[in-house]
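Student: Pasting a structure here, questions to come.
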Amino acid sequence: MKISKEDALMWFSFFASLPPEEALLPRQQEIAYAVFAQIEAAVDAENERRMAEIKGLQTLEGRTYFTGDARRFPEGCRSCLLGTGLSAIRKTNRCNLRCKFCYDFGAMDEQPPIGEGMWEIGGCKFYEKDIEILLSVSNRPTGVAYVYLEPFLEIDAYYGVIEKFHRAGVHQHLYTNGTLATEENLRALGEAGLDELRFNLGATGCAQSVIDAMHTAKRYIPQVGIETPMTPAFYEAFWRNKEQILQTGIDFINCAELHLTPNNIGNYLGENLYLCRQGYISPVWSRRLTLQLMQAADEEGWDIAVHDCSNRTKFVRDLNLRAKEGGWFGASSYGCEFDAIPYEAFLPILQDDSFAFLEEEPLPVGYRPQDVVL
């Protein structure tokens with residue numbers, strides 16, 4: 001049903017008033033899905049209009065979008081979207097920063113440890129000495145990523161594992177906020193065989209020390225780039241420091257569409273949010289900022305790849321991974337991060353007079369306020 005914005009606001013105000021443990025009845029669920037579909041359709045239409053204005057827009061076999069030099073597109077993302085997926089390696093459960101966009105905001109000190117001297121790979125625990133046997137018996141991935149949370153807090157522990165995967169010919173990339181990067185540990189990462197280093201430049205508001213670290217990293221590591229959730233704060237900081245950033249020699253900027261979790265959604269209440277494919281909840285402005293940055297990069301001819309790492313890309317990523325694992329047709333773990341949809345979080349977009357649905361029609365019989373909706 002093409003529910004009207006007025007009816008959507010009326011029903012969502014009611015849904016938001018219900019106790020969190022009270023599930024919606026089937027017809028109420030239909031109404032909720034209709035509202036989310038209307039919001040998503042309007043958001044998608046605006047994004048598609050913006051994409052049409054980017055003359056140099058390219059795709060990676062239709063799986064994601066980017067602008068710029070395809071040779072500098074991050075190999076870790078190629079592995080993720082075309083190869084055997086993104087195999088996460090976890091070790092460090094701590095971080096030295098507290099970013100409002102972090103998926104673990106407010107729960108940083110509650111993250112469980114992996115275990116002394118251990119690494120979590122594929123949900124299993126390994127010692128460094130186990131890596132050779134793992135590589136000999138398991139299907140070797142095209143790439144792995146070191147995540148969770150700030151590896152540079154104990155970066156010395158990573159060199160040996162990186163060397164083992166490097167000898168096995170596995171592409172490796174690592175994420176950092178960059179605050180603890182030094183010439184010494186960046187050189188050591190390069191010597192160990194790290195292929196790609198991604199700086200979350202938004203974590204420090206584009207701090208000069210981190211920009212300098214990116215420049216240093218490029219001397220030792222083949223691919224260096226930025227991966228940051230796209231927020232207004234990062235967007236503004238980037239433009240203030242654009243020249244210094246582009247002069248570092250980085251290869252790419254991964255513009256991640258920010259999606260919200262129960263931990264960080266409180267930092268964005270009051271913003272216009274949408275639900276993507278009944279999965280990730282994101283601020284509307286996040287991908288729009290990405291497309292604005294991509295258009296500028298295209299028009300100004302930046303000598304880097306700027307990647308639209310959107311919710312759609314993350315959806316495709318998981319489809320690819322499940323398929324490579326031999327999953328059934330359509331298998332995916334993509335889904336909503338919330339046990340119960342926070343309907344109150346969508347009231348601002350429904351109350352925003354500047355946001356319009358593409359098409360509206362009256363509610364059918366059985367779904368109107370005067371009807372019994374079961």
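Student: For D195, which of the numbered conditions (1) in contact (Cβ under 8 Å) with a residue 40 or more places away in the chain; (2) farther than 16 Å from D251 by Cα fails to hold?
Tutor: Among (1) in contact (Cβ under 8 Å) with a residue 40 or more places away in the chain; (2) farther than 16 Å from D251 by Cα, the lone unmet condition for D195 is (2).
Student: Additional query: Out of the range 92-117, which residues are without any contact (Cβ under 8 Å) to a residue 60 or more places away in the chain, surrounded by 14 or more Cβ atoms within 10 Å (Cβ to Cβ) and in contact with a Phe, Trp or Tyr (Cβ under 9 Å, 6 or more places away or on another chain)?
Tutor: Listed by number, the residues that qualify are N93, Q111, I114.
Student: Give me the residue from the range 4-22 that is among the acidic types (D, E) and within 14 Å of A34 (Cβ to Cβ) and, out of that set, surrounded by the most Cβ atoms within 10 Å (Cβ to Cβ).
Tutor: D7
Student: Related question: At positive phi, of a type in the set (G, A, S), over 19 Å from the mean Cα position of the chain (by Cα) and surrounded by 14 or more Cβ atoms within 10 Å (Cβ to Cβ): is that true of G68 in this structure?
Tutor: Taking the combined requirement at face value, the residue satisfies it.
Student: Continuing with this model, one more query. Taking the range 305-338 on its own, how many of its residues are assigned to a loop (DSSP other than H, G, I, E, B), free of Cβ contacts under 8 Å to residues at least 24 places away in the same chain and open to solvent by 30 Å² or more (accessible area, probe 1.4 Å)?
Tutor: Number satisfying all stated conditions: 7.
Student: Could I ask something else about it? Can you pull out the residues in the range 258-304 that are open to solvent by 40 Å² or more (accessible area, probe 1.4 Å) and among the aromatic types (F, W, Y)?
Tutor: W285 - this is the single residue of the range 258-304 that is open to solvent by 40 Å² or more (accessible area, probe 1.4 Å) and among the aromatic types (F, W, Y).
Student: Using the structure shown, decide if Q278 is more than 22 Å from E61 (Cβ to Cβ), touching a residue at least 24 places away in the same chain (Cβ under 8 Å), among the polar types (S, T, N, Q) and part of a loop (DSSP other than H, G, I, E, B).
Tutor: In short, yes.
Student: Please determine, by comparing only the residues of the range 202-230 that are in contact (Cβ under 8 Å) with a residue 60 or more places away in the chain and either of a type in the set (D, E) or closer than 13 Å to L174 by Cβ (or both), which one is least open to solvent (accessible area, probe 1.4 Å).
Tutor: G225
Student: Take the residues of the range 188-201 that are under 17 Å from L149 (Cβ atoms) and of a type outside the set (F, W, Y): which is most open to solvent (accessible area, probe 1.4 Å)?
Tutor: So the residue we want is N200.
Student: Right, another one. Any residue at all in the range 71-87 that is at pLDDT below 95 and in contact with a Cys (Cβ under 7 Å, 6 or more places away or on another chain)?
Tutor: yes
Student: Right, here's the next one. Of the numbered conditions (1) open to solvent by 10 Å² or more (accessible area, probe 1.4 Å); (2) in contact with a strand residue (DSSP E or B) (Cβ under 8 Å, 6 or more places away or on another chain), Y158 satisfies every one except a single condition; which is it?
Tutor: All conditions pass for Y158, except number (1).
Student: Checking the structure you have, find out if any residue of the range 338-356 is touching a Cys at 6+ places or on another chain (Cβ under 6 Å) and charged (D, E, K, R).
Tutor: No, the range 338-356 contains no residue that is touching a Cys at 6+ places or on another chain (Cβ under 6 Å) and charged (D, E, K, R).
The values are calculated or read from the model by the stated rules, or taken from the named source; none is laboratory data. The structure displayed is predicted, hence computed values, not measured ones. Cβ atoms come from the backbone with ideal geometry, glycine included; neighbour counts cover every protein chain shown. Keep in mind that these areas ignore ligands, DNA and RNA; they rest on the heavy atoms of the full protein, side chains included. Shrake-Rupley method; radii C 1.70, N 1.55, O 1.52, S 1.80 Å.
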